[in-house]
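Scroll down for the structure; my scribbles are underneath it.
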Amino acid sequence: MCFRVGRTATCALTAILFAASTAVSARAETFINVLTGGTSGVYYPLGVALSKIYGEKIPDVRTQVQSTKASVENLNLLQKGRGEIGFALGDSVKLAWEGNAEAGFPQKLDKLRAIAAIYPNYIQIVASKDSGVKSFQDLKGKGLSVGAPKSGTELNARAIFGALNMSYDDLGKTEYLPFSESVELIKNRQLDATLQSAGLGVASIRDLAASVPIQMVAVPAEVAEKLGAPYVAAEIPAGTYDGQTEAVPTLAVRNILVTHSGVSDEIAYQMTKQLFENLPDMVAAHKAAAAIKLDTATKGVPVPLHPGAERYYKEKGLLP
């Protein structure tokens, strides 16, 4: 708009202000939505830390953290362009790339691109002492929460049951609940056990162990051999949770930070670079991040790396 008094100068000033505001708006349009998981899991606090790092270190971006049902939902959202980066289990990423309908992917999610392989998730099965559950076979006839429907955790549960020639039909009750809700039912003696795929020291199990006596349940090492990659034999160290006096054999699956092909090379480059240049902030958010290592970031990734991530790894000498 122009005014009669000093019209030329006023018009010029208005044009300058409009141009400046337009430039600011354009710079602020780059948006990074970080897809995580339930608030009592490990994905969420790490996602909050990642969002803060990106907001402070990448010029002219706005960030947001979205709590989701984790792996399967995150991958489907990324395929639709409704997030810029998300956490997901390696086996879920593999199934998404293949288009496994039973796992929650009706078609191949061909837009997925990897940023980095990060820390491993440990399959952690915990029961109340009162339940009498001491081994995986003891779960027969008992109540178990296997995670939210078609979540990465629930896909892990199905795989383990299959490897041990068991099914959910062997349980007395099967619940499909997020971590925190599963724990509340155990505290209230409405459920015997919960299977949770998460980083060591996950808040939900720490909460349970601080509230009632617990029994960690081992997953036999031969299950890892039977299932193969991306599953590997692992161990939950003694003392990870209150009352856990011995190390517990289990399985682990590496997590992947995933983006999609619609994210620009520069933003993907910056998301990769700032992750690895600010790892202490990630570890401060959750100790599981201590297992994130640059030298393993490109290993065992079941989808193509984003070109922006490739650029960073080439600069670091990890790729030719």
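The values are calculated or read from the model by the stated rules, or taken from the named source; none is laboratory data. Everything numeric in this text was worked out from a predicted model, so none of it was measured. Every residue, glycine among them, receives a Cβ derived from its backbone with ideal geometry; neighbour counts consider all protein chains shown.
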Open item on the list: Going residue by residue through the range 71-86, is there one that turns out to be surrounded by fewer than 18 Cβ atoms within 10 Å (Cβ to Cβ), in contact with a Ser or Thr (Cβ under 8 Å, 6 or more places away or on another chain) and modelled with pLDDT under 95?
Closed with: no
Task: Which numbered condition residue 262 misses (of (1) closer than 17 Å to residue 153 by Cβ; (2) assigned by TED's automatic domain parsing to the domain that holds residue 115) - done: (1)
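Go through 188, 165, 156 for me and flag whichever is at pLDDT 95 or above and either more than 23 Å from residue 210 (Cβ to Cβ) or among the aliphatic types (A, V, I, L, M) (or both).
When all the criteria are applied, what remains is 165.
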- [ ] Select from the range 41-64 the residues that are in a helix (DSSP H, G or I) and hydrophobic (A, V, I, L, M, F, W, C) and list them in ascending order.
- [x] 46, 48, 49, 50, 53
- [ ] Tell me, yes or no, whether the range 17-32 has at least one residue that is modelled with pLDDT of 95 or more and outside any helix (DSSP H, G or I).
- [x] yes
Open item on the list: Based on this model, can you work out whether residue 112 counts as buried (at least 21 other Cβ atoms within 10 Å of the Cβ) and closer than 30 Å to residue 293 by Cβ?
Closed with: yes
TODO: Evaluate the range 84-91: report whether one residue or more is within 28 Å of residue 235 (Cβ to Cβ) and part of a helix (DSSP H, G or I).
DONE: yes
TODO: Return the only residue of 84, 98, 102 being acidic (Asp, Glu) and over 22 Å from residue 231 (Cβ atoms).
DONE: 84
Open item on the list: For the range 30-52, give me each residue that is touching a residue at least 40 places away in the same chain (Cβ under 8 Å), out of contact with any Lys or Arg (no Cβ under 8 Å at 6 or more places or on another chain) and within 18 Å of residue 256 (Cα to Cα).
Closed with: 34, 35, 36, 41, 42, 43, 45, 46, 47, 48, 49, 50
- [ ] Looking at (1) modelled with pLDDT of 95 or more; (2) not assigned by TED's automatic domain parsing to the domain that holds residue 47, find the lone condition where residue 230 falls short.
- [x] (1)
Task: Enumeration of residues in the range 65-83 that are among the aliphatic types (A, V, I, L, M) and assigned to a strand (DSSP E or B) - done: 65
- [ ] Starting from residues that are in contact with a Gly (Cβ under 9 Å, 6 or more places away or on another chain) and among the hydrophobic types (A, V, I, L, M, F, W, C), keep the ones in the range 30-66 and report whichever is surrounded by the most Cβ atoms within 10 Å (Cβ to Cβ).
- [x] 42
TODO: Go through 272, 194 for me and flag whichever is touching a helix residue (DSSP H, G or I) at 6+ places or on another chain (Cβ under 7 Å), of a type in the set (S, T, N, Q) and within 21 Å of residue 138 (Cβ to Cβ).
DONE: 194
TODO: Please work out which residue is farthest from residue 46 (Cα to Cα), limiting yourself to the range 101-157 and to residues that are of a type in the set (Phe, Trp, Tyr) and in contact with a helix residue (DSSP H, G or I) (Cβ under 6 Å, 6 or more places away or on another chain).
DONE: 105
